[in-house]
Structure formats: C-alpha cells, structure tokens
Amino acid sequence: MWTVEDATPGLNGHDARPRNLLLRALPRRDYERLSPSLERVALTPRRVLQHAQIAIHHLYFIEEGLVSALANTGERSAVEVWLIGREGLVGSPALLGAGGSPLRYFVQVGGSALRIGVDDLTQAMAEMPALRAVLHDYLHCALMQSTQSAACGLRHSLLQRLARWLLAAQDRTGRDIPITQDLLARSLGVRRASVSEAFKPLERRGIFARQRGLIRILNRARLEEIACRCYRVMRPKLDAPGQPDATQRGNGRGPLLALPFICALLEVELLAQ
C-alpha cells in the first residue's frame, strides 16, 4: 500500500509514489523493480509524441499533461478519438505486439512522462502478473473510450461534446486547462468559430472562465448536466492510493468494465443503422 511518506525521491530520482495512476496501481515492490527502466521526459505542448505508421520504440506513462490520440480524416485533417492523461500511457498498441499505430499522439497540455523501451516493458510484463493485469485493464478501457467517442461524434451536439471534453481534460490533469480555442477546435473536429459560439452560453451561465490560453471550470456540476451521457461512460476511474493491487482488481473489475463497453458497442451499432 502506498502512503504519504512514500512521496520522496526513489530509484533514478523518481518519487517513490508515482504520479501516473497505472504505475501507482502496482504493488510497491513491482514499481521498484520497474523503476530503473523508466526515464523521465518533458512533454512540450504541440509535440508529436508518436507519429502514425512509424515503429513504436517507447511507451510513455503520463505523469502530468494531456495527450490527444488523433485519427486522420484527410490529408491535412484529423480528429481526436480519446484523451490520455495521468490515468494512462501512450504507445498501447505495442502491448499487443503491434509495431506501429494508425494514430498520431499529440501533446495538448505540457507536462512530463516516464518513458520505457518496448522490449523492457514486454519483459517486465512477462515477469510481473500485476503489471500485465493493469496494462490489459487499460487496453480494455482505451478501446471502450475510442468506441464511445465515435458514437458521441455521430449523435451529440457540439455543446454536449465540448462539455464532455472539458470535464475529461480536467479529470486527467487535475487542474485548469491551458489550451487555445484553435487546439480545442482541432480536437473536436470543428471550426474555431464554432467553438467560440459554443463557449458563449457556458460563460454567460458562469460555468467557466476564460483567460488567454487557459480555461477554468467554475461550476463542474452544471457542466456535467450539459455533457452527454458519453462522459459518464468514458470517465476514467481515478484509483486512490491504497486500492487493492492489480491482481486482485483483475479478478473483480472485468464484469464492471465490460458493461459500459458493451453499451458503447451497442450504441455504435444503433447509430450505424
């Protein structure tokens, strides 16, 4: 179990209590075994962390910041299929043995990550059942999120999608959101002018305040009322320190995770008809 006292420098200068929630879900002994293979790197805003169709050499456990997984929709256009923050990692196709990904991973909000080589993580998963369970659990959640994101884009209004995005971003960063309207429009696959119009009723109701390049949510409860139901399905489980380890969770959480995932698949099928 992780305690407050664990938040001190550990192996390789890392905090003994990791900030990434996947790593925090591991038993402490497993994280300490994995730590020598982890390298802290800065995430610079607008950086492409991984290009589409390029070999994956590293995976990134996000500590702070926000990364968009973007699917190409044209020669010069792309749309976001899910967000990755401190609850996840970039490079998940490599966990299934894929050499690359059709998606591009773009840093929306700067921060930091713990980077590890594909071979090192593959070996660690073979040696640590808890790590393997945590990462497979995350793959399940990522698949559910991308599926629900497709349904959301087909069915719900821009205002609902905007509310969902702002809530999701705050969940994954735990703070105000430093993002421009241009980047937000790019994530939602709409014009900047459309985002600007959608902002107006939210500001008038005092739901959030805007400064240059920063969005501060003032009334989260009201924003949740506006957001579509997809937000509740896609909301990450932000496990607190001291939760049962991954091996225990893996035996009990599967059915609970499967229910929203099945609902997402059904919604996509209904929308396609």
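Just so it is clear, none of the values below were taken in a lab; they were calculated from the coordinates. Note that the structure is predicted; figures quoted are calculated from it, not measured. Note that we place each Cβ from the backbone using ideal geometry, even for glycine, and neighbour counts take in every protein chain shown.
Of note:
- Sorted ascending by nearby beta carbons within 10 Å, beginning with the fewest, 171, 182 become 182, 171.
- Subtracting the Cα-Cα distance of residue 192 and residue 52 from 0.36 nm times their residue separation leaves 47.9 nm of extension gain.
- Residue order for 66, 26, 96, fewest other beta carbons within 10 angstrom first, comes to 96, 26, 66.
- When Rg and the Kirkwood Rh are both derived from Cα coordinates, the Rg/Rh ratio for region 6-245 amounts to 0.97.
- Computed about its Cα centre, the charge dipole of region 6-245 is approximately 1120 debye, with only Lys, Arg, Asp and Glu carrying charge at their Cβ.
- At R0 = 35 Å, FRET efficiency that the Cβ-Cβ distance of residue 75 and residue 209 yields, to 0.05: 0.40
- What you get for region 94-221, charging only the Cβ of Lys and Arg (+1) and of Asp and Glu (-1), is a dipole of about 860 debye around the Cα centre.
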